[in-house]
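K.L.:
Dumping the structure here so I can ask a few things about it.
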Amino acid sequence: GLKHHSGSAGKDGVWLARRGKNAPGFIVFGPYASLAKGHYVALFRLKRLSAGSGLVATLDTCAGGGKQTAQRAVSTAALPLDKWRWFPLAFAHPGGTVQTRVNWSGRASLAVGAVAVFRVAK
């Protein structure tokens, strides 16, 4: 149910961005769901599909109209070829709508399998 600026649908709800075929940018973003003020963790399930080097993607969370609440860079070193990995991103949410985003660099083909958000009890 997330939105996309580039890439294409793969099997089982996976979103694919192919190096040399798709435009770099926000390949997954949303859901614009309302969350109460509090502490959360977003989990991003990613898989690198091709050779490449350096930055593969930047993961972030935003509140309301785009105020960034957390960010994490993912490099090829952190994302082995053809292996699914979960990347956590902790953030404090001020309340209101939330957006999670995967900003793909275009340097290596990438699959996004899921994005999940959980409230953290303190």
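K.L.:
Report the number of Lys pairs in the chain whose alpha-carbons are under 23 Å apart, with separation of 8 or more residues or on distinct chains.
P.N.:
12
K.L.:
Can you tell me, using C-alpha contacts under 8 Å and at least 6 residues apart, the relative contact order of the chain as a whole percent?
P.N.:
This gives 39 percent for the chain.
K.L.:
Taking the square root of 5 times each eigenvalue of the Cα gyration tensor, what semi-axes in Å does the equivalent ellipsoid of the chain have, largest first?
P.N.:
Semi-axes from the Cα gyration tensor: 25, 14, 12 Å.
K.L.:
Could you please state how large a percent of the accessible area of the chain is carbon and sulfur, counting protein chains only and using a 1.4 Å probe?
P.N.:
The C+S portion of the solvent-accessible surface of the chain is 53 percent.
K.L.:
Ranking request for peptides 46-57, 97-108: highest mean number of other beta-carbon atoms within 10 Å first, then the rest in descending order.
P.N.:
97-108, 46-57
K.L.:
Using the per-residue mean of other Cβ atoms lying within 10 Å as a proxy for protection, in what order, highest first, do the peptides 84-90, 60-66, 25-31 fall?
P.N.:
25-31, 60-66, 84-90
K.L.:
Using only the Cα atoms, work out Rg/Rh for region 38-100, with Rh taken as the Kirkwood radius, to two decimals.
P.N.:
Ratio value, two decimals: 1.05.
K.L.:
Could you please report the charge total around residue 52, scoring K, R as +1 and D, E as -1 over all other residues with beta-carbon less than 11 angstrom from its beta-carbon?
P.N.:
Working: positive: 19, 48, 107; negative: none.
It works out to a net charge of +3.
K.L.:
When the C-alpha atoms of region 74-122 are aligned to their principal axes, what extent does each axis show, in angstrom, from largest down?
P.N.:
Computed over region 74-122, the largest-to-smallest principal extents equal 35, 20, 17 Å.
The values are calculated or read from the model by the stated rules, or taken from the named source; none is laboratory data. Only a predicted model underlies this, so the values are computations on that prediction, with no experimental measurement involved. Here the Cβ is made from the backbone with ideal geometry for all residues, glycine too, and neighbour counts use every protein chain on show. Side chains included, ligands, DNA and RNA excluded: accessible areas come from the protein's heavy atoms. Shrake-Rupley method; radii C 1.70, N 1.55, O 1.52, S 1.80 Å.
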